[in-house]
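Below is one structure; the comments refer to it alone.
The values are calculated or read from the model by the stated rules, or taken from the named source; none is laboratory data. On a predicted model such as this, the values are computed, not experimentally measured, just so you know. All Cβ positions, even for glycine, are placed from backbone atoms using ideal geometry, and neighbour counts span all protein chains on display. Keep in mind that these areas ignore ligands, DNA and RNA; they rest on the heavy atoms of the full protein, side chains included. Shrake-Rupley method; radii C 1.70, N 1.55, O 1.52, S 1.80 Å.
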Amino acid sequence: MLEVKNVSASYGSFKALIDVSLSLADGEILGVVGPNGAGKTTLFRVLARVADGYEGTVTLDGQPLANLAGSEIGYLPEAPFQFDFFTPVEMLLFERTLRLPQLSEEEVLRTLHDFGMQSYLHKPIKRLSAGLKKRVALAAAFLGEPRLLILDEPLNTIDVQTVIVLKRMIQQAKARGAIILVSSHVLEFFDGMIGRIVFLDQGAVHHSSTNDPRKAEELYTELFLSN
């Protein structure tokens, strides 16, 4: 279980998160939605342990995030950093060195194959299209079957084929009990796949769609565009 309790974060005088509390069970997929500047990326950076100085507590199975091994968390930032002179294989082997030193090279290759990178394994990343670069970043996030999977705008730049693969990979992660958080401006992506959506606004939880039968776009329109 992931527990987020009264988390607040600021950048100078700007309050990016204000008393955000969430609870996610094993195998739950949570959509995180809101206007630009609502706090989605800051929340994901806190959960991925790349944001410092926040207030509140975050635990996974009762353990503080700081105590977790790197292998427990898979993170796709909205703007992934990649060494453009690396190949996809080298990029994931580098990711393995940082988070999963005991993972086999066969597992690295399998994850790249899962995202359809068979024909590009040894091509420099700088020569890949934006969509193929995003596949490499997605493979890095899913590498080693992390317990907590955080995907910030995973649909940006990817094609229909990759969307289908991504949905399959998310469902597989759910089936093995991973806890998954996803943000996206493509609201249709959530319908039929995401069990619950939290809507953020100005750094705070504005609404949770628990047991709400309405589609994501309908809810968003009512919450943010009805006035």
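The number of Lys pairs in the chain with C-alpha atoms less than 26 Å apart, excluding pairs fewer than 8 positions apart on the same chain, is 19.
With a Förster radius of 22 Å, plug the Cβ-Cβ distance of Thr157 and Leu121 into 1/(1 + (r/R0)^6) and report the FRET value to the nearest 0.05. Working from the Cβ atoms, E equals 0.65. Can you tell me how region 59-203 classifies by the Cα gyration tensor, rounded, prolate or oblate, using a/c under 1.5 as the rounded cut? The shape class here is oblate.
Using r as the Cβ-Cβ distance of Arg168 and Asn67, and R0 as 22 Å, what FRET efficiency do you calculate, to the nearest 0.05? Don't skip to the end; give the middle numbers.
Values: r = 32 Å, r/R0 = 1.43.
For Arg168 and Asn67, the calculated efficiency is 0.10.
Share of carbon and sulfur in the accessible area of the chain stands at 50%, probe radius 1.4 Å. Packing, taken as the mean count of other beta carbons within 10 Å per residue, orders the peptides 213-222, 82-91, 26-35 from highest to lowest as 26-35, 82-91, 213-222. Residues considered: Val50, Val205, Val163. Largest GNM mean-square fluctuation over the chain, using C-alpha springs under 10 Å, is found at Val50.
Cβ under 15 Å from Lys5's Cβ, Lys5 left aside: what net charge do those residues give with Lys, Arg +1 and Asp, Glu -1? For residues surrounding Lys5, the net value is -4.
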